[in-house]
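Below you'll find the structure, written out as structure tokens, and then a few comments.
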Amino acid sequence: MGNAASAQALASQGNGRGAPPCQSCHGTDGGGQAAAGFPRLAGLDAAYLARQLEDYAEGSRASAVMQPIARALSARERDAVAGYYAQLPVAAMPAAPKPAADGAGATLATRGRWSEQVPACEQCHGPGGVGVGAHFPPLAGQPAAYIESQLKAWQQGSRRNDPLELMQHLSRALSAEDIAAVAQWFAAQPLPAAKVGK
């Protein structure tokens, strides 16, 4: 079985050694499940995805669901799954209500809050949250519940795999209202047309 075929089998069937099918939570197209807060994996950077799986396996990223799954995958399987999801086209997103352009979410995302040493999210995650390389994933179009849960995980210290502890510092300067607002803003942002599949 080739690498692509084995990666697709992992995504659709699991590995028979404790890792269930990825698509159970992340969908057959890798688009995630917004209502449940499961993130989109399709089109994310392969190195970023592989690192997240490794961090789950090693414990620097906590999740009662993902840690046992990542530990049940070999390093080769983690890399294969990461590569598989990175090459999947991103499904077109349903239209979401746009938060106010001058609201708290837009302000934090595009301008930051320098009085509390909080730069704009876009400074690392790119314009509109489209993502930049292996360290700053796309936030645009991710479920608001997922973004919110990750900001809270940084804030509470259950997620500790950020470069230079940037997210741990920044999240602690945000209120629950700030977190909800910025999560909703990014969830409503469109993905670049080049990333969206037909």
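The values are calculated or read from the model by the stated rules, or taken from the named source; none is laboratory data. None of these values were measured; they are calculated from a predicted model. As a convention, Cβ positions derive from the backbone with ideal geometry for all residues, glycine included, and neighbour counts pool all protein chains shown.
Checking each residue in segment 56-77 for being outside any loop (DSSP other than H, G, I, E, B) and in contact with a helix residue (DSSP H, G or I) (Cβ under 8 Å, 6 or more places away or on another chain) picks out 56, 57, 61, 66, 67, 69, 70, 71, 75, 77. Filtering 11, 5, 42, 64 for residues that are farther than 18 Å from residue 130 by Cα and surrounded by 16 or more Cβ atoms within 10 Å (Cβ to Cβ) leaves a single hit, 11.
All of (1) within 25 Å of residue 98 (Cα to Cα); (2) part of a loop (DSSP other than H, G, I, E, B); (3) of a type in the set (Gly, Ala, Ser) hold for residue 183 with one exception: (2).
Would you confirm whether or not segment 111-134 contains a residue that is modelled with pLDDT under 95 and touching a Phe, Trp or Tyr at 6+ places or on another chain (Cβ under 7 Å)? Yes: segment 111-134 contains one or more residues that are modelled with pLDDT under 95 and touching a Phe, Trp or Tyr at 6+ places or on another chain (Cβ under 7 Å). The condition of being modelled with pLDDT of 95 or more, farther than 14 Å from residue 181 by Cα and in a helix (DSSP H, G or I) does not hold for residue 106. For first residues located in segment 160-173 and in a helix (DSSP H, G or I), partners that are buried (at least 17 other Cβ atoms within 10 Å of the Cβ) and of a type in the set (Val, Ile, Thr) and lie 6+ apart or on another chain with Cβ distances below 9 Å form the pairs 169/118; 170/118; 171/179. The single condition from (1) in contact with a Ser or Thr (Cβ under 8 Å, 6 or more places away or on another chain); (2) part of a loop (DSSP other than H, G, I, E, B); (3) small (Gly, Ala, Ser) that residue 80 fails is (2). Restricting to segment 50-88, give me the number of residues that are over 13 Å from residue 161 (Cβ atoms) and either touching a Cys at 6+ places or on another chain (Cβ under 9 Å) or at pLDDT 95 or above (or both). Matching residues across segment 50-88 total 21.
Any residue in segment 112-137 that is in the same structural domain as residue 162 (by TED's automatic domain parsing) and under 17 Å from residue 192 (Cα atoms) sitting within a Cβ distance under 6 Å of a residue that is among the β-branched types (Val, Ile, Thr) and surrounded by 15 or more Cβ atoms within 10 Å (Cβ to Cβ)? List the pairs, counting only those 6 or more apart or interchain. Correct list of pairs: 122/110; 126/132. Evaluating residue 108 against the criteria (1) free of Cβ contacts under 8 Å to residues at least 40 places away in the same chain; (2) surrounded by 18 or more Cβ atoms within 10 Å (Cβ to Cβ) leaves one unmet condition, (1). The set of residues in segment 1-55 that are over 17 Å from residue 65 (Cα atoms), touching a residue at least 24 places away in the same chain (Cβ under 8 Å) and polar (S, T, N, Q) comprises 3, 6, 8.
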